[in-house]
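Notes follow once the structure below has been shown.
Coordinate-derived values only; no laboratory data. Remember, predicted model here, so these are calculated numbers, not experimental data. Cβ atoms come from the backbone with ideal geometry, glycine included; neighbour counts cover every protein chain shown.
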Amino acid sequence: MRMLLRVEMPTEAANAAFKNGSFNQAMQDVMGKVRPEAAYFTTVNGCRGGYIIFDLDDVTKIPSIAEPLFMAMGAKLEFSPCFTPQELEQAAPDIQRAAQTYGK
């Protein structure tokens, strides 16, 4: 399943991780595990952050992805399934059925 991982790193913790080298180690570890389709780094809520899109084939792998970021820099993470426009189009009949059944 394609996932969007939102990463927010508190400034002080990220600064410390840069200084002691754990930032690069954690990022390399995570990127090696997820082999991202895309990764963009920017600010998130005024802190260092980024968005990583990758395929997750087993939910039990989430801790191996999350823990390096939690431990190295106190990151806040959100894992969200995401769709391409083509995948959303494929889901349209199910969305329409739900709208007919539950919509007002």
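Just a few scattered comments:
- Of all residues in the stretch 36-81, those that are touching a Gly at 6+ places or on another chain (Cβ under 9 Å) and not aromatic (F, W, Y) total 6.
- Of all residues making up the stretch 44-60, the number that are surrounded by 12 or more Cβ atoms within 10 Å (Cβ to Cβ) and more than 13 Å from the chain's Cα centre (by Cα): 2
- Only one of the numbered conditions (1) surrounded by 10 or more Cβ atoms within 10 Å (Cβ to Cβ); (2) over 29 Å from A13 (Cα atoms) is violated by T101, and that is (1).
- Criterion (of a type in the set (G, A, S) and at positive phi) met by exactly one of G74, G32: G74
- Looking only at residues in the stretch 68-104 that are assigned to a helix (DSSP H, G or I) and among the charged types (D, E, K, R), the one that is nearest to M27 (Cα to Cα) is E87.
- Failed item in (1) surrounded by fewer than 17 Cβ atoms within 10 Å (Cβ to Cβ); (2) part of a helix (DSSP H, G or I); (3) under 13 Å from the mean Cα position of the chain (by Cα), with I65 passing the rest: (1)
- The stretch 68-98, subset in contact (Cβ under 8 Å) with a residue 60 or more places away in the chain and among the hydrophobic types (A, V, I, L, M, F, W, C), residue surrounded by the most Cβ atoms within 10 Å (Cβ to Cβ): A75
- Residues that are within 15 Å of L4 (Cα to Cα), out of contact with any strand residue (DSSP E or B) (no Cβ under 6 Å at 6 or more places or on another chain) and in contact (Cβ under 8 Å) with a residue 24 or more places away in the chain within the stretch 24-53 comprise V30, K33, listed in sequence order.
- Enumeration of residues in the stretch 2-24 that are under 20 Å from the mean Cα position of the chain (by Cα) and either in a helix (DSSP H, G or I) or at positive phi (or both): T11, A13, A14, A17, S22, F23, N24
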